[in-house]
Amino acid sequence: MKYYTQFENKSLADQLIQKALEYKKAPLSDNNLGRGKRIGLLFLNPSLRTRVSTQIAASNLGMESIVLNMDKESWALEMEDGVIMNQGKAEHIRDAAGVLGSYFDILALRAFPSLTNKDEDSEDFILHQFAKHSGLPLISLESAIRHPLQSLADMVTIQEHKQKEKPKVVLTWAPHIKAIPHAVANSFAEWSIGCGHDVTITHPEGYELDERFTQGATIEHDQDKALANADFVYVKNWSAFNEYGKILCTDESWMLNEQKLSQAPNAKVMHCLPVRRNVELSDEILDGPRSLVQHQAKNRVFAAQAALSELLK
Ligand code: CP
């Protein structure tokens, strides 16, 4: 595998889930695999979990990792080819990625969408520019449209907690105060459908996700109906995709709380974090026995370790 940027197939997903579970039992079992190798963790956007869990994963495999907060500590990057660079951007992606390609064995990149240029965001333009001009194996730390390390950690968490072979998994839209990218929701849908779960997606009218990620899911605009008998409820805000990047709904009644789960007594609740408490999800759920959010965050280490181990092979 040269790129870890998306769900590929169920067989590989199952293999990665098993590998992550093995690393959870014995984190240092492969601590020679990355010896002498160096990974560059490039952040164009903020992060807590992804940054730290990927560094720990690299360390567990014996790799050196160097973090570069490119949004704050590096030159502003020009991404477009053929541009006359007489404005604010000081370095071209061709040059920066070429240099970084000579320093590292693997690159890892976080590059959020603009939420204004739908075409560029939809084709993961920045991720592909880094891959093309660095020439290195690349791992996505969340791109414009996907968050595959989060999704792998989520699949590991479902695997650990599921009580039936094909659990009912509900992805529910939640309110938020800002326009939020689609990456986590897209990626969760892509992986959960791909792993064979019974997936329902519920959101207000106008919040349809890109159909590339939702083929095979049931779409239900009635949240209460969607939540009935759920085994797992994944809570996430996203901005509109068709009216790209817009906030169309601020209806607080979409926030998940215990009362909404009365028809889903066994449902476990998931969120990738960071979460806006009492906006997206109630305190009672986050601090109660249904919540899997800390399990998901812990599993980020072993998901990253599994993905990195594939790239190192
Ligand atoms: N869930 C997640 O990716 O968290 P960070 O944005 O803090 O890395």
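The values are calculated or read from the model by the stated rules, or taken from the named source; none is laboratory data. Because the structure is predicted, anything quoted here is derived from the model rather than measured. Note: ideal-geometry Cβ built from the backbone for every residue, glycine included; neighbour counts use all protein chains shown.
Brief remarks follow.
- Hits in the stretch 51-60 (condition: out of contact with any strand residue (DSSP E or B) (no Cβ under 8 Å at 6 or more places or on another chain) and away from the ligand (no atom under 16 Å from the Cβ)): N60
- Where T54 falls short, out of the listed (1) assigned to a strand (DSSP E or B); (2) buried (at least 19 other Cβ atoms within 10 Å of the Cβ): (1)
- Residue count for the stretch 247-294, restricted to those that are within 16 Å of the ligand (Cβ to nearest atom) and not β-branched (V, I, T): 13
- Residues located in the stretch 33-50, provided they are part of a loop (DSSP other than H, G, I, E, B), within 16 Å of the ligand (Cβ to nearest atom) and not polar (S, T, N, Q): L44, P46, L48
- Any chance A264 is part of a loop (DSSP other than H, G, I, E, B), within 21 Å of K166 (Cα to Cα), at pLDDT 95 or above and touching a helix residue (DSSP H, G or I) at 6+ places or on another chain (Cβ under 7 Å): yes
- The stretch 267-299: number of residues that are basic (K, R) and part of a loop (DSSP other than H, G, I, E, B): 2
- Annotation: of all residues in the stretch 148-179 being within 14 Å of the ligand (Cβ to nearest atom) and more than 18 Å from V233 (Cβ to Cβ), the one that is surrounded by the fewest Cβ atoms within 10 Å (Cβ to Cβ) is K178.
- Candidates E64, E73: the one that is more than 16 Å from the ligand (Cβ to nearest atom), under 26 Å from L152 (Cβ atoms), surrounded by fewer than 19 Cβ atoms within 10 Å (Cβ to Cβ) and not polar (S, T, N, Q) is E64.
- Residue satisfying all of: in the stretch 131-143; of a type in the set (G, A, S) and surrounded by fewer than 24 Cβ atoms within 10 Å (Cβ to Cβ); nearest to the ligand (Cβ to nearest atom) among these: A131
- Cβ pairs under 7 Å, 6+ apart, first in the stretch 206-223 and without any contact (Cβ under 8 Å) to a residue 24 or more places away in the chain, second part of a helix (DSSP H, G or I): G216/I193; E220/A226
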